[in-house]
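K.L.:
Before anything else, here's the structure in question.
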Amino acid sequence: MIGYAPGSEVSRVVPAFISREDEVDRLVWNPLCINNLAKYLLDYRHEPGKVAVVVKGCDSRAIIRLLQDNQISREKVIILGIPCPGLINPDLVAARLDPGAQITVAAVSEQDFSLQTGEGTFTFARDEALLKKCRDCEQHTPVIADFMLGEEIPPNDPGDPFVAVKTLEELPVEERSAYWDKQFSRCLRCYACRNVCPACTCRECVFDQAEPCWVAKANNLSENTAFHLIRAFHVAGRCVDCGECDRVCPVNIPLSLLNRKILKDIKDLFNVPTPGTSLEELPPLGAFTNSDPDEFM
Amino acid sequence: MEAYTISRDNLRTWLDTLARDYTLIAPVREEETVSLFKPVRGFAEINLGYTNSTVSPKGWLFPQTEEMFFFSTSDGQITLADAQTPGPAVLFGLRPCDIKGILALDPVFNGAYQDCYYQKRRQDTILVGLSCTRVERHCFCTSMGGGPTDGEGADLLLTEMDDGYGIEVLTPRGEELVNRYQQYFDADRENRVIPAREELGKKLARQFTRNVDTTGVKEFLDQHFELPYWGELARRCLGCGICTYICPTCHCFDIFDQSPDGESGVRSRCWDSCMFSHFTRMAGGHNPRPTQKERVRNRFLHKLKYHRDRYNLDGCVGCGRCVTRCPVNIDIRQIIADLQEVARHD
């Protein structure tokens, strides 16, 4: 079973892998349970037995994506859905709580996050502390689950998730180009964005191939740009907007902005919800219908 | 060695002058939470208020991508041409842990095997250290034999004081640099600089939130290669290269040729990461580190054992970057503590 356990300090929660009943006590659920655990299902594809995984609303879309791409079979996985009222920025927690403390009770309201440790209760204003990837959350309640651990949270209207994309789209092409050049020039090519991504499931990644060498190992703007654009197009229609790429980038490249541009284009072209929202609705670029727009033919 | 002071105004002028006379590499604030060491044109671009740069400054001496030589073929002959190397440089504003990181790289590139590329850059680069002014929550340099005001390895060490900066000259090369720009410095006649640095060091030493005890860890690892613990860590490791790329002591590289026309091109090297599955993949397809377990184990054995075996130096300087950035909280401080625990039950 894949869930969450306390990390090396109070502000961190880690993916936990348990296989015995007496390990259940290790598991926690609180607003620091950030990682999308669905990605780990790929590690258990060929292992015997079933695997249970804890998913939040955003992560649950990744499960649907993996099922639709036949990366994992439905019989193999037991989905433990947790309706998620939003997550807290761990840096703010780290700034206020003793790093060695343990959170005993966590609560989230419309106004604030409240974390209780042995030293008392600490509250954080929700407006300030909400994690970036939760601000535009579409699905607080998982869209697929075998067991729902908690009361369903009705969807709210986060407003237009494409405001930042539209702002960028309106810039002259030179400015847009300069914007992305600045971002991509500092990419380390550490591949954390790829490795954390539930849409990245290739047996051998194009960027790991030496022959043919599609993108050179050389770290420069040209190769880095090629890496990011190939990756963005490669996950087009399969990116479930979980925000993990953004979160893990060590040099703060706004990858979700890049992926959201494609999400927006796909919504505009095919009038479909975010990939992974429904098991029945196939990914728009992975399915054919006679009503597909074909103006380029 | 001598000590001097420099006013804030003179520091500004000095750095502007240094940028004209040398290639000046200094910390630059790129984004809200990203600072990087980059060549700068003057003081205005520099941010000295950083704690740890996002990526360590090792990239000046060991660039992420470095051209080694150019080649061309004609009439069955191969002609080689040296790649351009940068001239005299000043690496300015290095935090003590990062200087220690350079000292950990020196025997790798400048020991039994002389790496001409690293050697040239190292010889041409003056290291100017900068004492820390605060301790971040992931810092643990004091546990790894360092300290936030240690100047070991630097040519000059700057320490911020109320009315400017104190400058300690630590090597003849540092002395030359100070002599060249003497007009900006005042002799430390009242002997204020060293006491100020020592006082700051004591103050900062109290701010570390977590101390790590490495006693016996290497000796335990000498005796134990196989531990189920590595498998547990590897289950959550994503196999990305963040930890190795931002680390001041990681130094693995790959060599590759680029030749669009097949007749001429460039041979380069670039950083590689032992966290990647193809890092040890052989031409025939065999991989001696077939799963993430072997890769994670290799990384931590390198930090805590192999580097010591080879050079009698820790492969970790306690900068805490990997702790801050690991997406799944693989924390070397916790690993050291866990290994102590495993050793106790052995």
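K.L.:
Give the residues of the range A:236-286 that are free of Cβ contacts under 8 Å to residues at least 24 places away in the same chain and on the phi > 0 side of the Ramachandran plot, sorted by residue number.
P.N.:
Selection gives A:252, A:271.
K.L.:
Are any of the residues in the range B:139-157 touching a residue at least 12 places away in the same chain (Cβ under 8 Å), assigned to a strand (DSSP E or B) and at negative phi?
P.N.:
Within the range B:139-157, one or more residues are touching a residue at least 12 places away in the same chain (Cβ under 8 Å), assigned to a strand (DSSP E or B) and at negative phi.
K.L.:
For the list (1) out of contact with any Phe, Trp or Tyr (no Cβ under 9 Å at 6 or more places or on another chain); (2) of a type in the set (Gly, Ala, Ser); (3) more than 10 Å from chain B (Cβ to nearest Cβ), I need the number of the one condition that residue A:226 fails.
P.N.:
Result: residue A:226 passes all but (1).
K.L.:
Another question about this same structure. Condition first: in a loop (DSSP other than H, G, I, E, B) and either touching a residue at least 12 places away in the same chain (Cβ under 8 Å) or open to solvent by 60 Å² or more (accessible area, probe 1.4 Å) (or both). Now tell me which residues in the range B:263-288 satisfy that.
P.N.:
Residues satisfying the conditions are B:263, B:272, B:273, B:274, B:275, B:276, B:281, B:282, B:283, B:284, B:286, B:288.
K.L.:
Just to be sure I understand, how many residues within the range A:130-169 are among the basic types (Lys, Arg) and under 19 Å from residue A:54 (Cβ atoms)?
P.N.:
Counting residues in the range A:130-169 that are among the basic types (Lys, Arg) and under 19 Å from residue A:54 (Cβ atoms) gives 1.
K.L.:
Would you point out which residue out of B:85, B:54 is hydroxyl-bearing (Ser, Thr, Tyr), in a loop (DSSP other than H, G, I, E, B) and over 24 Å from residue B:149 (Cα atoms)?
P.N.:
Matching residue, one of B:85, B:54: B:85.
K.L.:
Filter the range B:64-91 for residues that are more than 14 Å from chain A (Cβ to nearest Cβ), under 30 Å from residue B:133 (Cβ atoms) and either under 13 Å from the mean Cα position of the chain (by Cα) or modelled with pLDDT under 95 (or both) and give the result.
P.N.:
Matches in the range B:64-91: B:86, B:91.
K.L.:
Taking strands (runs of 3 or more DSSP E) that fall entirely within the range A:1-119, which contain at least 1 residues that are within 14 Å of chain B (Cβ to nearest Cβ) and crowded, with 21+ Cβ neighbours inside 10 Å?
P.N.:
Hits in the range A:1-119: A:2-6, A:13-17, A:51-55.
K.L.:
Of all residues in the range B:106-137, how many are assigned to a loop (DSSP other than H, G, I, E, B) and closer than 30 Å to residue A:91 by Cα?
P.N.:
Total meeting the criteria: 7.
K.L.:
Would you please list the contacts, defined by Cβ atoms under 9 Å and residues six or more apart or on different chains, that run from a residue in the range B:218-233 that is part of a helix (DSSP H, G or I) to a residue that is at pLDDT below 95 and open to solvent by 100 Å² or more (accessible area, probe 1.4 Å)?
P.N.:
Within 9 Å, the pairs are B:220/B:346; B:223/B:346.
K.L.:
To continue, here is another question. Out of (1) β-branched (Val, Ile, Thr); (2) at pLDDT 95 or above; (3) not in a helix (DSSP H, G or I), the odd one out for residue B:209 is which?
P.N.:
So residue B:209 meets the others, but not (2).
Results for (1) of a type outside the set (Asp, Glu); (2) modelled with pLDDT under 95; (3) in contact with a strand residue (DSSP E or B) (Cβ under 6 Å, 6 or more places away or on another chain); (4) open to solvent by less than 50 Å² (accessible area, probe 1.4 Å), shown as yes or no for each residue.
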site: A:161; (1), (2), (3), (4): yes, yes, no, yes
site: A:167; (1), (2), (3), (4): yes, no, no, no
site: A:179; (1), (2), (3), (4): yes, no, no, no
site: A:196; (1), (2), (3), (4): yes, no, no, yes
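K.L.:
In addition: Looking only at the range B:85-132, which residues are more than 26 Å from residue B:143 (Cα to Cα) and charged (D, E, K, R)?
P.N.:
B:115, B:120, B:121, B:122, B:124
K.L.:
For the range B:120-138, indicate whether the set of residues that are open to solvent by less than 20 Å² (accessible area, probe 1.4 Å) and either over 30 Å from residue B:331 (Cα atoms) or charged (D, E, K, R) (or both) is non-empty.
P.N.:
yes
K.L.:
What is the residue count in the range B:239-297 for residues that are of a type in the set (D, E, K, R) and within 19 Å of residue B:106 (Cα to Cα)?
P.N.:
Total meeting the criteria: 3.
K.L.:
To continue, here is another question. Any residue at all in the range A:256-271 that is open to solvent by less than 50 Å² (accessible area, probe 1.4 Å), touching a helix residue (DSSP H, G or I) at 6+ places or on another chain (Cβ under 9 Å) and within 14 Å of another protein chain (Cβ to nearest Cβ)?
P.N.:
Checking the range A:256-271: at least one residue is open to solvent by less than 50 Å² (accessible area, probe 1.4 Å), touching a helix residue (DSSP H, G or I) at 6+ places or on another chain (Cβ under 9 Å) and within 14 Å of another protein chain (Cβ to nearest Cβ).
K.L.:
Next up: Can you name the condition, by its number, that residue B:343 falls short on among (1) closer than 20 Å to residue B:243 by Cα; (2) in contact (Cβ under 8 Å) with a residue 60 or more places away in the chain?
P.N.:
In the conditions (1) closer than 20 Å to residue B:243 by Cα; (2) in contact (Cβ under 8 Å) with a residue 60 or more places away in the chain, residue B:343 misses (1) alone.
K.L.:
When you go through (1) more than 8 Å from chain B (Cβ to nearest Cβ); (2) surrounded by 18 or more Cβ atoms within 10 Å (Cβ to Cβ); (3) assigned to a helix (DSSP H, G or I) one by one for residue A:233, which number turns out not to apply?
P.N.:
Of (1) more than 8 Å from chain B (Cβ to nearest Cβ); (2) surrounded by 18 or more Cβ atoms within 10 Å (Cβ to Cβ); (3) assigned to a helix (DSSP H, G or I), only one is false for residue A:233: (2).
K.L.:
Here is a further query. Given the options A:151, A:138, name the one that is assigned to a loop (DSSP other than H, G, I, E, B), touching a helix residue (DSSP H, G or I) at 6+ places or on another chain (Cβ under 9 Å) and either away from chain B (no Cβ under 14 Å) or buried (at least 18 other Cβ atoms within 10 Å of the Cβ) (or both).
P.N.:
From the options A:151, A:138, the qualifying one is A:138.
K.L.:
Could you give every pair whose Cβ atoms fall below 8 Å, whose first residue belongs to the range A:205-219 and is outside any loop (DSSP other than H, G, I, E, B), and whose second residue is surrounded by fewer than 20 Cβ atoms within 10 Å (Cβ to Cβ) and aromatic (Phe, Trp, Tyr), counting only separations of at least 6 or pairs across chains?
P.N.:
Once the first residue is outside any loop (DSSP other than H, G, I, E, B) and sits in the range A:205-219, its partners that are surrounded by fewer than 20 Cβ atoms within 10 Å (Cβ to Cβ) and aromatic (Phe, Trp, Tyr) give A:206/A:214; A:207/A:214.
The values are calculated or read from the model by the stated rules, or taken from the named source; none is laboratory data. Because the structure is predicted, anything quoted here is derived from the model rather than measured. Counting neighbours? That spans all protein chains shown, and the Cβs are built from the backbone with ideal geometry, glycine included. The protein model used for the area step is the full one, side chains on, heavy atoms only, and it has no ligands, DNA or RNA in it. Shrake-Rupley method; radii C 1.70, N 1.55, O 1.52, S 1.80 Å.
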